[in-house]
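Input: a single structure, listed below in structure tokens.
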Amino acid sequence: MKNQWDKIFNLKGRVLIKPQPDLPKIVKLFKKKGVKKILDLGCGSGRHLVYLSKKRFEVYGIDIAKHGIEIAKKWLEKEKLKANLKIGDIYKKLPYANNFFDALISVRVITHGKIKDIRKTIKEIERILKPKGLIFITVLEKGGWKKFKIIEPRTIIPLEGKEKGLVHYYFNKAIIKKEFKNFKISKIWLDSKDLYSSSNHRAFIGELKNK
């Protein structure tokens, strides 16, 4: 998977500049709740790192793609901004202490795994968030590929396009509520399309329940 994501970030035009369209209102919520320390889980080439750093949050980012992290570092340096970046697999133990973050964002990332791996990541998110920590996450609901293979229930691998060969798990509202049962989900909505595929995604906001 690591090599696949590095190839993706080397594609012409793949580096995204604008933040996910809902992020400004998420920032307002974070400010209202007193959030200071944020993790961008699957930060890619850094569009959200830059945006959040400009909003004066203490920002951390992790991504499996070395090339994506390199792009993010250069972008931050150019903007004279700072963020704590790491190369790492989000489906393994995350390199952060318990109760470390006030909030976490993850845009179109967690969905790239089998459900057993996604559940491990959710447990790690719960571990590294402070009590009542906030999440803003977007996940895939249905795909737009004509050619794909099914490897597990609700789990496919596209056989075409820029994300060819990558695992995609399909969520829906009920599954979001089930898998993120330790969070109080305040809102779930259809995510704005800001990437290259025609896939539909769901976005949601949650607050970690008392541990």
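The values are calculated or read from the model by the stated rules, or taken from the named source; none is laboratory data. Note that this is a predicted model, so its numbers are computed, not measured. Backbone-built Cβ (ideal geometry, glycine too); neighbour counts: all protein chains shown.
Evaluation of residue 130 against the conditions (1) in contact (Cβ under 8 Å) with a residue 40 or more places away in the chain; (2) over 28 Å from residue 28 (Cα atoms); (3) not in a helix (DSSP H, G or I) shows that the sole unmet condition is (2).
Residue 141 satisfies every condition listed in (1) at pLDDT below 95; (2) outside any strand (DSSP E or B) except (2). When segment 128-148 is filtered for residues that are in contact with a Leu (Cβ under 8 Å, 6 or more places away or on another chain) and surrounded by fewer than 17 Cβ atoms within 10 Å (Cβ to Cβ), the ones remaining, listed by number, are 130, 131, 132, 147, 148.
I'd like the full set of residues that are at pLDDT 95 or above, part of a loop (DSSP other than H, G, I, E, B) and aromatic (Phe, Trp, Tyr), limited to segment 159-211. Scanning segment 159-211 gives 170, 171, 180. Residues in segment 58-81 that are free of Cβ contacts under 8 Å to residues at least 40 places away in the same chain, crowded, with 16+ Cβ neighbours inside 10 Å and touching a helix residue (DSSP H, G or I) at 6+ places or on another chain (Cβ under 7 Å): 59, 61, 72, 75, 76, 81.
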